[in-house]
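First up is the structure itself, then whatever we jot down about it.
The values are calculated or read from the model by the stated rules, or taken from the named source; none is laboratory data. From a predicted model like this one, the values you see are computed outputs, not experimental measurements. All Cβ positions, glycine included, derive from the backbone under ideal geometry; neighbour counts span all protein chains shown. Accessible surface areas use protein heavy atoms only, side chains included; no ligands, DNA or RNA. Shrake-Rupley method; radii C 1.70, N 1.55, O 1.52, S 1.80 Å.
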Amino acid sequence: MSRAIQYRQFGGPGVLEMAEVAEPAPGAGEVRVVVRAVGLNPVDSKTFGGDARLRVVGFLRRLVDPKRWFGKEGSRFPRGVARDFAGVIDAVGRDGRDVSSASGVGDLAVGDAVLGTLRSAPGLGDKRGALRDHLVVSIDDVIRKPESLSFETASSLGVAAQSASGALRQLGLNGSDVIVISAAAGGVGSLAVQLAVHQGATVIGIAGKHNADYLRSLGAIPVVHGEGVKSRILEAAPEPVTKFLDCYGGEYVKLGFSLGLSGKAIGTLVPSPGAIIRGAQFTGSRHARPGDLQEVAGLVADGAIKVAIARAYPFDVESVRDAYAELNKGHVRGKLVVALS
């Protein structure tokens, strides 16, 4: 048997529970990972919280493909929690059989340290969830972990790397741009800041006053959020702002338009009807490419990009609930992770 964090109804962190589940066996084209660390993301809370926007997406997918109502994917509960993970392969699948040996699948083999993220459509999440002792994944969803990365750091990269890379690509960022990024000290925001700087862009990061020095260390010009933020941006910008990436939601898309930007120059990771109607781009991991995670992991391993681990929590249900409660406050600098060993 294996342990897994699951939920049987939508709600806050209190709905999470530890469950005993059957130890999974990998099939053809799959590997089983002994999970060493799991990175937490705001989308996790939105998923197990039953966020209305994500549930609408799931409903629409079922309308397009009615068999989802009746298949295994249509059975909503229990569901697992979290997407990003790092660990060590302990079994590979070949022709549907569990091969717990040094045999390989593709270029992966038992004993390889890997990192990855569970990919799924918004609104559905993934029934497995990464918060478990053993996780079976497709070989397409993992990459080898660079040796210099800790499991905690490696586990924090998946969603953030794909969201930041995809968003900057969709905005067509280049070295001549001056880009404003909201929630710039958060998990996705801090990575987006560094990727933009790495591409040669001038970055203005919106965050709390206490994060100003942190943003400077990432290469950004810090601007404090709150009343008067537009004036502070205009004062800080060495040249006119050309792009805006919203990693928080709320009124930030409106702020982008007030800076004179067109919808094509504004991206948001948190869609709202008003933002989409006005032409802002709903972006993030949906615009990622397969090589993005590998590229970001390499940049982190080389020291070109820094990842801040705000705190590592132990793998017990109370600690995981506390971690998501802290994440939901919206003031975490960097990433929260759960260390399984």
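Residues in the stretch 262-285 that are of a type outside the set (Val, Ile, Thr), crowded, with 22+ Cβ neighbours inside 10 Å, outside any helix (DSSP H, G or I) and over 19 Å from the mean Cα position of the chain (by Cα): Ala280 alone. Remark: Asp140 matches the filter, which requires a residue to be modelled with pLDDT under 95, part of a helix (DSSP H, G or I) and out of contact with any Asp or Glu (no Cβ under 9 Å at 6 or more places or on another chain).
Considering (1) part of a loop (DSSP other than H, G, I, E, B); (2) surrounded by 21 or more Cβ atoms within 10 Å (Cβ to Cβ); (3) at pLDDT 95 or above, the lone condition that Arg128 does not fulfil carries the number (3).
Selection of the stretch 190-226 for residues being open to solvent by less than 40 Å² (accessible area, probe 1.4 Å), part of a helix (DSSP H, G or I) and over 18 Å from Glu239 (Cβ atoms) yields Ser190, Leu191, Ala192, Gln194, Leu195, Asn211, Ala212, Tyr214, Leu215, Leu218.
Identify, please: which residue in the stretch 291-301 is out of contact with any strand residue (DSSP E or B) (no Cβ under 7 Å at 6 or more places or on another chain) and aliphatic (A, V, I, L, M) and is, among those, surrounded by the fewest Cβ atoms within 10 Å (Cβ to Cβ)? Residue satisfying both the conditions and the ranking: Ala301.
Looking at the structure I just gave you, is Leu340 under 27 Å from Ala4 (Cα atoms), touching a Ser or Thr at 6+ places or on another chain (Cβ under 8 Å), buried (at least 19 other Cβ atoms within 10 Å of the Cβ) and touching a residue at least 40 places away in the same chain (Cβ under 8 Å)?
No.
Scanning the stretch 228-261 for residues that are free of Cβ contacts under 8 Å to residues at least 24 places away in the same chain, in a loop (DSSP other than H, G, I, E, B) and more than 20 Å from Gly172 (Cβ to Cβ) yields Gly228, Gly249, Gly250, Glu251. Against the criterion of being at pLDDT below 85 and either in a helix (DSSP H, G or I) or within 18 Å of the chain's Cα centre (by Cα) (or both), Arg55 qualifies.
Just one of the listed residues (Ala109, Ala113, Ala82) is modelled with pLDDT of 90 or more, surrounded by 17 or more Cβ atoms within 10 Å (Cβ to Cβ), at negative phi and not β-branched (Val, Ile, Thr), and it is Ala113.
If you go through the stretch 145-160 and keep only what is touching a helix residue (DSSP H, G or I) at 6+ places or on another chain (Cβ under 8 Å) and hydrophobic (A, V, I, L, M, F, W, C), you end up with Leu149, Ala154, Leu157, Val159, Ala160. For the stretch 131-162, a tally of residues being open to solvent by less than 10 Å² (accessible area, probe 1.4 Å) and either among the polar types (S, T, N, Q) or on the phi > 0 side of the Ramachandran plot (or both) returns 2. When each of Ala288, Ala304 is tested for being at negative phi, surrounded by 14 or more Cβ atoms within 10 Å (Cβ to Cβ) and in contact (Cβ under 8 Å) with a residue 12 or more places away in the chain, the lone residue that passes is Ala288.
Criterion applied to Gly249, Gly256 was being farther than 19 Å from Ala161 by Cβ, under 24 Å from the mean Cα position of the chain (by Cα), open to solvent by less than 40 Å² (accessible area, probe 1.4 Å) and modelled with pLDDT of 95 or more, and the one residue passing it is Gly256. Out of all the residues in the stretch 227-246, which are in contact with a helix residue (DSSP H, G or I) (Cβ under 8 Å, 6 or more places away or on another chain) and open to solvent by 40 Å² or more (accessible area, probe 1.4 Å)? If the condition is that a residue be in contact with a helix residue (DSSP H, G or I) (Cβ under 8 Å, 6 or more places away or on another chain) and open to solvent by 40 Å² or more (accessible area, probe 1.4 Å), then Lys230, Thr242 are the ones that fit.
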